[in-house]
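The values are calculated or read from the model by the stated rules, or taken from the named source; none is laboratory data. As the structure is a computational prediction, the values presented were derived from the model and not from experiment. No Cβ is skipped: glycine too gets one built from the backbone with ideal geometry, and neighbour counts run over all protein chains shown. Only protein heavy atoms, including side chains, enter the accessible area calculation; ligands, DNA and RNA are left aside. Shrake-Rupley method; radii C 1.70, N 1.55, O 1.52, S 1.80 Å.
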Amino acid sequence: SIIRTMARGAFIVLEGLDRAGKSTQVSMIVEALKERNVPVERRVFPDRSTAIGGIINDYLAKKIELAPEAVHLLFSANRWECKDGILETLEKGTTLIVDRYAASGAAYSAATTGRPLSWCTSPDQGLPAPDLVLYLDVTPDTQQQRSNWGEERFERAETQRKVAENFRKLSESGNWAFVEAGLDKLEVHQKLLQKVLDLLEGCKDKPIGKLYE
Ligand code: 2DT
Ligand code: MG
C-alpha cells in the first residue's frame, strides 16, 4: 500500500431545508479557512454544471416532468460522477465544504416518492462519507421570511415538514451537529466554524469512510 506522506483534507457537508442559509454559510466557512491558510474548496449538490446536473436543473425549474424515482437516481448519479474528484481533492490535503450531499438526496426523495428512507439511501451506498454533517435547523417562519420562497420544486411548507422529519431520522447515524439557523448570520458562522476547527485536526489520520457501510 501507499505510504501516506500528507494529511488528507476533511469532508464537511452543510445540510438543511431550503432557505436555511447553507450557501451563505459555506462561503463564510471557506473564507475563514482561507484566512487561516487551510487549503479548502467548495462544492454544491446538485452540481448543475454536468450533463446529468442539467437535467436535474430543468426538473427543479419545472421545465420538464420526470418520475420522482428517476430524479432520485439522477441526484445520486450526480454524486457518483463527482466521486473521483472529491477523493482526489481530499487526498491532496484539501478540505471540502459541501452545500448539500447524500442526506438531501434521501430526505427529499423519501418525502416526494413516499418510499422508505432505506430505499432512498441505497443508491448512495459506498460514496465517500462526510466526516461531519452540519445541519442548519430552520423553522418554517424563518424560511418564509427569507426571499424567493416557492420558485423551485419542493418549496412548499408540507414538503419541507416531511423533509425535516427525514433529516432528523438520518441524523441518528453518522457525525451530525445541529445549529439553529434563525440566529444572526455571524453568530451562526461562529458556531459552525468552531465545529469545523474542532474537526480538522482529528480526521487527518483517519481513512475516508464510505456511506451506509
Ligand atoms: P438547492 O435549493 O440547494 O439549490 O437544491 N435535492 C438536492 C434533492 O432532492 N436531492 C438531492 O440529492 C440534492 C443534492 C433539494 C435544489 C433542490 O434539490 C433538492 C433542493
Ligand atoms: Mg432551494
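Exactly one residue out of Asp84, Asp141 is modelled with pLDDT of 95 or more, in a helix (DSSP H, G or I), more than 15 Å from ligand 1 (Cβ to nearest atom) and over 25 Å from Glu201 (Cβ atoms), and it is Asp84. The residues on offer are Ala129, Ala107, Ala111, and the sole one that is in contact (Cβ under 8 Å) with a residue 12 or more places away in the chain, open to solvent by less than 10 Å² (accessible area, probe 1.4 Å) and either within 16 Å of ligand 2 (Cβ to nearest atom) or under 23 Å from Leu200 (Cβ atoms) (or both) is Ala107.
Among the residues of segment 178-188, those identified as in a helix (DSSP H, G or I) and open to solvent by 20 Å² or more (accessible area, probe 1.4 Å) are Lys185, Leu186, Glu187. Applying the set (1) part of a loop (DSSP other than H, G, I, E, B); (2) more than 24 Å from Thr94 (Cα to Cα) to Lys206 leaves exactly one unmet item: (2). All conditions but one from (1) touching a helix residue (DSSP H, G or I) at 6+ places or on another chain (Cβ under 7 Å); (2) over 23 Å from Ser27 (Cα atoms) apply to Ala102; the one that does not is (2). Name the residues in segment 87-104 that are more than 16 Å from ligand 2 (Cβ to nearest atom), of a type in the set (Asp, Glu) and either open to solvent by less than 50 Å² (accessible area, probe 1.4 Å) or modelled with pLDDT under 95 (or both), would you? Once the filter is applied, which keeps residues that are more than 16 Å from ligand 2 (Cβ to nearest atom), of a type in the set (Asp, Glu) and either open to solvent by less than 50 Å² (accessible area, probe 1.4 Å) or modelled with pLDDT under 95 (or both), segment 87-104 yields nothing.
Applying the condition of being within 13 Å of ligand 2 (Cβ to nearest atom) and among the basic types (Lys, Arg) to segment 17-46 and asking which residue is surrounded by the most Cβ atoms within 10 Å (Cβ to Cβ) yields Lys22.
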